[in-house]
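Working notes, beginning with the structure itself.
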Amino acid sequence: MYDFAYHKPASVADAVKLLGADGEAKPLAGGQTLIPTLKQRLARPTAVVDLGAIKDLAGISVAGGKVTIGAMTKHADVAASADVKKALPALAALAGGIGDPAVRHRGTIGGSIANNDPAADYPAACLALGATIKTNKREIAADDFFRGMFETALDAGELIVSVSFPVAEKAAYMKFDQPASRYALVGVFVAKTAGGVRVAVTGAAASVFRWKEAEAALSKSFAAASLDGVKASASGLNSDIHGSAEYRAHLIGVMAKRAVAAA
């Protein structure tokens, strides 16, 4: 690692102040991405601002038809939450399938969303459920938040405070994971809410995206058979040693049907 200053603020305001004072500073949530990149010398921040001591950033609440999760809430806590299991079981199941136990007990929902890894699970839940990402400055709809590979609508020094998910009438997430990392080769989150049917795909492209053709078909009839004949385009999808773009396009359809059946 390179040398850097280490800060552990006790409030969001102090964290924002530290990040604003140093344009090369980086926030540290669970560290599941930042720490490996530091070890590999792929990142060289002048300061690391550890958010772990900010108690207001962790916690889960259910009220007003929404599940609100603090940014520093760990994946394992979401997976084990009785409130989440009751209100949004698909979200609890998704959290329980992230990485391995070590990752789930360190990684946080805010860190995952802010990083926007192309194969991360939480972005699919945010997009499919129409979540709202609250920061220290504003509220951002999921449709406006995820912009590209490792790119979001967050400004420099802006921190995620919490994420609110509308409770769905029906929802499920299915993924075909890469066995070594358990990242999604392709993951599909399907949700039927008061706002309609939404289908979000992760792992297949540079960033999470909505599959509008599947949404249209499922809006007519929310059944796996409704996706018969609906094919995802391979254009623009990832192609690597784990799977070609055409293979990923096929998996989108398979995972979507499984998700609808599970929902």
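Yes or no: the range 175-187 includes at least one residue that is among the charged types (D, E, K, R) and modelled with pLDDT of 95 or more. Steps first, answer last, please.
Keep residues of the range 175-187 that are among the charged types (D, E, K, R), which gives 175, 177, 182.
Right, trim to modelled with pLDDT of 95 or more and you get 175.
Checked against the condition, which is being among the charged types (D, E, K, R) and modelled with pLDDT of 95 or more, the range 175-187 yields at least one hit.
Which of the following residues is out of contact with any Asp or Glu (no Cβ under 8 Å at 6 or more places or on another chain) and part of a strand (DSSP E or B): 180, 171? First the steps, then the outcome.
Numbers: 180 fails: part of a strand (DSSP E or B).
When all the criteria are applied, what remains is 171.
I want to confirm something. Restricting to the range 63-75 and keeping residues that are in a strand (DSSP E or B) and either outside the structural domain of residue 139 (by TED's automatic domain parsing) or not basic (Lys, Arg) (or both), which single residue is farthest from residue 111 (Cα to Cα)?
Kept after step one, since they are in a strand (DSSP E or B), are these residues of the range 63-75: 63, 66-70, 74.
Then drop every residue that is not either outside the structural domain of residue 139 (by TED's automatic domain parsing) or not basic (Lys, Arg) (or both), which leaves 63, 67-70.
Numbers: 63: 24, 67: 18, 68: 15, 69: 12, 70: 11 Å.
Here the answer is 63.
Return only the number of the condition from (1) in contact (Cβ under 8 Å) with a residue 24 or more places away in the chain; (2) within 18 Å of residue 133 (Cβ to Cβ) that residue 59 does not satisfy.
Evaluating residue 59 over (1) in contact (Cβ under 8 Å) with a residue 24 or more places away in the chain; (2) within 18 Å of residue 133 (Cβ to Cβ) leaves (1) as the failure.
Within the range 82-119, count every residue that is within 19 Å of residue 159 (Cα to Cα) and among the small types (Gly, Ala, Ser). Please lay out each step first, then the result.
Initial filter on the range 82-119 (within 19 Å of residue 159 (Cα to Cα)): 106-117.
So of that shortlist, the ones also among the small types (Gly, Ala, Ser) come out as 107, 110-112, 114.
Final tally of qualifying residues: 5.
Look at residue 245 and say whether it is more than 29 Å from residue 180 (Cβ to Cβ), assigned by TED's automatic domain parsing to the domain that holds residue 171, surrounded by 14 or more Cβ atoms within 10 Å (Cβ to Cβ) and not hydroxyl-bearing (Ser, Thr, Tyr).
no
For residue 248, indicate whether it is among the basic types (Lys, Arg) and either more than 21 Å from the chain's Cα centre (by Cα) or not in a loop (DSSP other than H, G, I, E, B) (or both).
Working: among the basic types (Lys, Arg): yes; either more than 21 Å from the chain's Cα centre (by Cα) or not in a loop (DSSP other than H, G, I, E, B) (or both): yes.
Against the criterion (among the basic types (Lys, Arg) and either more than 21 Å from the chain's Cα centre (by Cα) or not in a loop (DSSP other than H, G, I, E, B) (or both)), residue 248 qualifies.
Residue 217 fails exactly one of the following numbered conditions: (1) in contact with a Ser or Thr (Cβ under 9 Å, 6 or more places away or on another chain); (2) over 17 Å from residue 127 (Cβ atoms); (3) in contact (Cβ under 8 Å) with a residue 60 or more places away in the chain. What is the number of that condition?
(3)
Only one of 18, 51, 94 is hydrophobic (A, V, I, L, M, F, W, C) and either modelled with pLDDT under 95 or over 16 Å from residue 136 (Cβ atoms) (or both); which? Lay out the reasoning, then the answer.
On the way: 18 fails: either modelled with pLDDT under 95 or over 16 Å from residue 136 (Cβ atoms) (or both); 51 fails: either modelled with pLDDT under 95 or over 16 Å from residue 136 (Cβ atoms) (or both).
Answer to the check: 94.
Here are 111, 99: which of them is in the same structural domain as residue 243 (by TED's automatic domain parsing), at pLDDT below 95 and farther than 21 Å from residue 166 by Cβ? Let's see the steps before the verdict.
Working: 111 fails: at pLDDT below 95.
Going through 111, 99 in turn, the sole match is 99.
Taking residue 144 as meeting all but one of (1) at pLDDT below 95; (2) farther than 22 Å from residue 58 by Cα, write down the number of the exception.
Failed condition: (1).
Scan the range 77-88 and tell me whether some residue there is under 27 Å from residue 16 (Cβ atoms), touching a helix residue (DSSP H, G or I) at 6+ places or on another chain (Cβ under 9 Å) and surrounded by 15 or more Cβ atoms within 10 Å (Cβ to Cβ). Explain how you work it out, then say what you get.
Within the range 77-88, the subset under 27 Å from residue 16 (Cβ atoms) is 77-78.
Narrowing the set further to residues that are touching a helix residue (DSSP H, G or I) at 6+ places or on another chain (Cβ under 9 Å) leaves 77-78.
Subsequent filtering for residues that are surrounded by 15 or more Cβ atoms within 10 Å (Cβ to Cβ) retains 77-78.
Yes, some residue in the range 77-88 is under 27 Å from residue 16 (Cβ atoms), touching a helix residue (DSSP H, G or I) at 6+ places or on another chain (Cβ under 9 Å) and surrounded by 15 or more Cβ atoms within 10 Å (Cβ to Cβ).
Within the range 200-242, take every residue that is under 24 Å from residue 94 (Cβ atoms) and charged (D, E, K, R) and give me the one that is surrounded by the most Cβ atoms within 10 Å (Cβ to Cβ).
Per the stated criteria, the residue is 215.
Suppose we filter 49, 16 for residues that are within 15 Å of residue 160 (Cα to Cα), over 21 Å from the mean Cα position of the chain (by Cα) and in a helix (DSSP H, G or I); which single one remains? Before the answer, list the steps.
On the way: 49 fails: in a helix (DSSP H, G or I).
Selected residue: 16, the only one of 49, 16 that is within 15 Å of residue 160 (Cα to Cα), over 21 Å from the mean Cα position of the chain (by Cα) and in a helix (DSSP H, G or I).
Which strands (runs of 3 or more DSSP E) sit wholly inside the range 76-159 and have at least 2 residues that are touching a residue at least 40 places away in the same chain (Cβ under 8 Å)? If you could, list the steps in order and put the result at the bottom.
Working: elements: 132-135, 139-141, 146-148.
Once the strands (runs of 3 or more DSSP E) in the range 76-159 are filtered for at least 2 residues that are touching a residue at least 40 places away in the same chain (Cβ under 8 Å), what remains is 146-148.
The values are calculated or read from the model by the stated rules, or taken from the named source; none is laboratory data. Note that the coordinates shown come from a computational prediction; the quantities given were computed from them, not determined experimentally. Note that we place each Cβ from the backbone using ideal geometry, even for glycine, and neighbour counts take in every protein chain shown.
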